[in-house]
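Engineer: Please read through the structure below; I'll follow up with questions.
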Amino acid sequence: MKKAFIMLPLAAVCASQFVMAAPTDSQRLAQLEQELAMLQEESSYDSLSDRMSINGFFTGKVGVANNDAGYNGYDKDADFSEGSKLGLQGSFALTEQTKIVAQLVARGSDDWSTEMEWAFLSHDFDNGFVTRIGRLRVPLYMYSDYLEVGFAQPWASPPSELYSIVPLSSFDGVDAIYDFDMGDVAVTLQASYGHADRDTGAALGEVDYKDILGASASFAYEEWVFRTTYYQTTLDSKDGSTFFDEEDSYFAGVGLSYDNGSLLAISEFAVSDVEGQYSDTESGYITLGYRISDFTPYVTYAFLKTTDDSERALPYEPAFNWKRNAYSIGTRYDISSNLALKADVTYADGFDGTSGGLSSNLDSLGSQINEDTIVYTVSFDAVF
Amino acid sequence: MKLLAKVALTAALISGVAQAGVVVIVNPTGPDSLSKAQVSKLYLGKSKKLPNGAKAQVIEQASGSAIRGEFHGGVTGKSDSQLQAYWSRLVFTGKGKPPKTIGSSSLIKSQVASHANAIAYIDSSEVDDSVKVVFTP
């Protein structure tokens, strides 16, 4: 009798564990569980968690070079902070169509001080038009929009021959984006207007980018994306420096990419022109990569050169005459669906007597120190 | 005897694989069929509406699940990490966010059965009258 009482609850536990034993009970239980889960699901739908999202990204990067030329900020001492960054983004939906997006980025190269990289209010008119106001990205390059998000890029670092030409990643202003289909081609047009103040370093001081105005167009067809962009601004030196005095400048670029899931090819070319003594440039790159399971090995050729050397006054020549070729080989390895490891070796040469566009590669007399450099980079990139 | 068992097991496995497969489902009141391109666009956020103009409620299976791999392999052609990279490009520019993920096929089915504009994918063996199959990759 006693034994039966002990066995009874045990039998009940067994029955619920081995659902096949008591089909009606277990089915009812499963149904109840499902209804409960549905209720929870229903109640969370359209709730705060649906209107608000927090995302982040992290890059931990180490780089070392064979000399002190300063390519990508790296020298002979291994550097863990240059290129490392942490970003947090919050998106808050005010209505179905209107939201606020803010992105904070802390960079190792700035001693991890936090900067507001994006902060805008966007309104989606639900007919393909989206307008945004606030702090926005200058959409100069194919990867401008996710310049900070290493995980979204194939390389350990985007080719600096092109991506460092304009030392400005965001501006304050407005933009309008229009998405539409032209047959099988998905078209995105974007136009922006605004201004920015940037500290461009000791030599040029703080620069006011007035009246930033421009547009870009992107055409996606099957595995191909073609993009073209034109932006102009007027540069004016602030506080002490008189280097720029209302100098008009423009940037024009084209890009083409192909990605069929295995083969990856990306190429961009751009020209930039600044009135006065500052460098006018031509630069570009081509990257080829191929996905083999979790690995994406790639090679890149990139170049940068100044096109106005003959017009430059002598005192500015050593600093603003640039010439450089860069050859990279590297691989991306997807550790998991949100974590990637990248390794890269870049060899740069063809400086042709100039600094190679590397400001720390000139001695006090303005002579070239190194005629080439090799940089090794390892990068961990995560999104969460 | 052992060989026979092996043959029987292999046959069972093959027939199992041949019978089961991922199918795209919608609410019974939803569209009658969708093309691969339409499904792919919805799952990549490139289009946000069903053919009838209603805003689609797109539902994903859990990241890393076999069915998710099978679906994306046959429709968008992207692996889990490629999808993550793709969505991070949209998320970190404030341009979009990935579809809502629900971790159980039976819950997904009941969501689709109770939401007119929902679209999801499940194993064909789980399909019943509460939902409608609109595409088989």
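Engineer: Would you mention how many residues in segment A:106-118 are part of a strand (DSSP E or B) and either on the phi > 0 side of the Ramachandran plot or at the interface with chain B (Cβ under 10 Å from one of its Cβ atoms) (or both)?
Structural biologist: Step one: of segment A:106-118, the residues part of a strand (DSSP E or B) are A:106-107, A:114-118.
Now restrict to residues that are either on the phi > 0 side of the Ramachandran plot or at the interface with chain B (Cβ under 10 Å from one of its Cβ atoms) (or both): A:117-118.
Result for segment A:106-118: 2.
Engineer: Are any residues in segment A:345-369 at negative phi and surrounded by 21 or more Cβ atoms within 10 Å (Cβ to Cβ), and if so, which ones? Give the steps one after another, and end with the answer.
Structural biologist: Just the residues of segment A:345-369 that are at negative phi, to begin with: A:345-349, A:351, A:354-355, A:358-365, A:367-369.
Correct list: A:Thr346, A:Ala348, A:Phe351, A:Thr354, A:Ser355, A:Leu358, A:Asn361.
Engineer: Can you spot a residue in segment B:91-103 that is assigned to a helix (DSSP H, G or I), more than 30 Å from A:Ala30 (Cβ to Cβ) and out of contact with any Asp or Glu (no Cβ under 9 Å at 6 or more places or on another chain)?
Structural biologist: yes
Conditions tested, residue by residue: (1) within 26 Å of A:Val383 (Cβ to Cβ); (2) out of contact with any His (no Cβ under 9 Å at 6 or more places or on another chain); (3) without any contact (Cβ under 8 Å) to a residue 40 or more places away in the chain; (4) more than 14 Å from chain B (Cβ to nearest Cβ).
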| site | (1), (2), (3), (4) |
| --- | --- |
| A:Asp68 | no, yes, no, yes |
| A:Asn72 | yes, yes, no, yes |
| A:Lys76 | no, yes, yes, yes |
| A:Ser84 | yes, yes, yes, yes |
| A:Phe92 | yes, yes, no, no |
| A:Glu96 | yes, yes, yes, no |
| A:Lys99 | yes, no, yes, no |
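Engineer: Further question on the same structure: What tally of residues in segment B:28-51 results from selecting those that are of a type in the set (Ser, Thr, Tyr) and assigned to a helix (DSSP H, G or I)?
Structural biologist: Number satisfying all stated conditions: 2.
Engineer: Still on this structure, I have one more. Go through segment A:251-283 and report how many residues are out of contact with any strand residue (DSSP E or B) (no Cβ under 8 Å at 6 or more places or on another chain) and within 14 Å of chain B (Cβ to nearest Cβ). I'd like the intermediate steps shown before the answer.
Structural biologist: First pass over segment A:251-283, keeping only residues out of contact with any strand residue (DSSP E or B) (no Cβ under 8 Å at 6 or more places or on another chain): A:260-261, A:277.
Next, only the ones that are within 14 Å of chain B (Cβ to nearest Cβ) stay: A:260-261.
Within segment A:251-283, residues that are out of contact with any strand residue (DSSP E or B) (no Cβ under 8 Å at 6 or more places or on another chain) and within 14 Å of chain B (Cβ to nearest Cβ) number 2.
Engineer: Right, here's the next one. Need the failing condition index for A:Ala265 against (1) of a type in the set (A, V, I, L, M); (2) under 20 Å from A:Thr373 (Cβ atoms); (3) at pLDDT 95 or above, just the number.
Structural biologist: (2)
Engineer: Can you tell which of B:Ser88, B:Ser105 is polar (S, T, N, Q), under 30 Å from A:Ile133 (Cα atoms) and either crowded, with 19+ Cβ neighbours inside 10 Å or more than 10 Å from chain A (Cβ to nearest Cβ) (or both)?
Structural biologist: B:Ser88
Engineer: Scan segment B:62-85 for residues that are out of contact with any His (no Cβ under 9 Å at 6 or more places or on another chain), closer than 30 Å to A:Glu117 by Cβ and surrounded by 18 or more Cβ atoms within 10 Å (Cβ to Cβ) and jot them down.
Structural biologist: Correct list: B:Thr76, B:Ser81, B:Gln84, B:Ala85.
Engineer: Name the residues in segment A:119-131 that are within 12 Å of another protein chain (Cβ to nearest Cβ) and touching a residue at least 40 places away in the same chain (Cβ under 8 Å), would you?
Structural biologist: Residues satisfying the conditions are A:Gly128, A:Val130.
Engineer: A further question follows. Tell me, please, whether a residue that is more than 8 Å from chain A (Cβ to nearest Cβ) and within 29 Å of A:Glu117 (Cα to Cα) can be found in segment B:46-61.
Structural biologist: yes
Engineer: Pick from segment B:91-102 the residues that are farther than 20 Å from B:Ala120 by Cα and not β-branched (Val, Ile, Thr): which of them is farthest from the other protein chains (Cβ to nearest Cβ)? Walk me through it before giving the result.
Structural biologist: Initially, segment B:91-102 is screened for residues farther than 20 Å from B:Ala120 by Cα, giving B:91-95.
After this cut, where a residue has to be not β-branched (Val, Ile, Thr) as well, the list is B:92, B:94-95.
On the way: B:Phe92: 5, B:Gly94: 3, B:Lys95: 8 Å.
If we take residues in segment B:91-102 being farther than 20 Å from B:Ala120 by Cα and not β-branched (Val, Ile, Thr), then B:Lys95 is farthest from the other protein chains (Cβ to nearest Cβ).
Engineer: Then there's this: Which condition does B:Ala116 not pass, out of (1) among the aliphatic types (A, V, I, L, M); (2) within 18 Å of A:Ser53 (Cα to Cα); (3) part of a loop (DSSP other than H, G, I, E, B), if it passes all the others?
Structural biologist: Answer for B:Ala116: the failing condition is (2).
Engineer: Looking at A:Ala270, A:Ala202, A:Ala176, A:Ala215 in this structure, which one is closer than 30 Å to A:Asn321 by Cβ and modelled with pLDDT of 95 or more?
Structural biologist: The unique qualifying residue is A:Ala270.
Engineer: Starting from segment A:347-373, keep only residues that are in contact (Cβ under 8 Å) with a residue 60 or more places away in the chain, then list their pairs with residues that are surrounded by fewer than 13 Cβ atoms within 10 Å (Cβ to Cβ) and hydrophobic (A, V, I, L, M, F, W, C) whose Cβ atoms are within a distance under 9 Å, requiring at least 6 positions of separation or different chains.
Structural biologist: These pairs meet every condition: A:Ser359/A:Ala203.
Engineer: Sticking with this one: From the residues in segment B:91-102 that are within 24 Å of A:Val130 (Cα to Cα) and not basic (Lys, Arg), which one is modelled with the lowest pLDDT? Steps first, please.
Structural biologist: If we filter segment B:91-102 for residues that are within 24 Å of A:Val130 (Cα to Cα), which is where we start, we get B:91-100.
Subset that is not basic (Lys, Arg): B:91-94, B:96, B:98-99.
Numbers: B:Val91: 88, B:Phe92: 86, B:Thr93: 82, B:Gly94: 79, B:Gly96: 83, B:Pro98: 90, B:Pro99: 92.
If we take residues in segment B:91-102 being within 24 Å of A:Val130 (Cα to Cα) and not basic (Lys, Arg), then B:Gly94 is modelled with the lowest pLDDT.
Engineer: Can you tell me how many residues within segment A:135-149 are outside any loop (DSSP other than H, G, I, E, B) and farther than 20 Å from A:Ser283 by Cα?
Structural biologist: 4
Engineer: Take the residues in segment A:141-167 that are within 14 Å of chain B (Cβ to nearest Cβ) and among the aliphatic types (A, V, I, L, M), then tell me which one is surrounded by the most Cβ atoms within 10 Å (Cβ to Cβ).
Structural biologist: Per the stated criteria, the residue is A:Val149.
The values are calculated or read from the model by the stated rules, or taken from the named source; none is laboratory data. Not measured: the values here are computed from a predicted model. Heads up, the Cβs are rebuilt from the backbone with ideal geometry, glycines too, and the neighbour counts pull from every protein chain shown.
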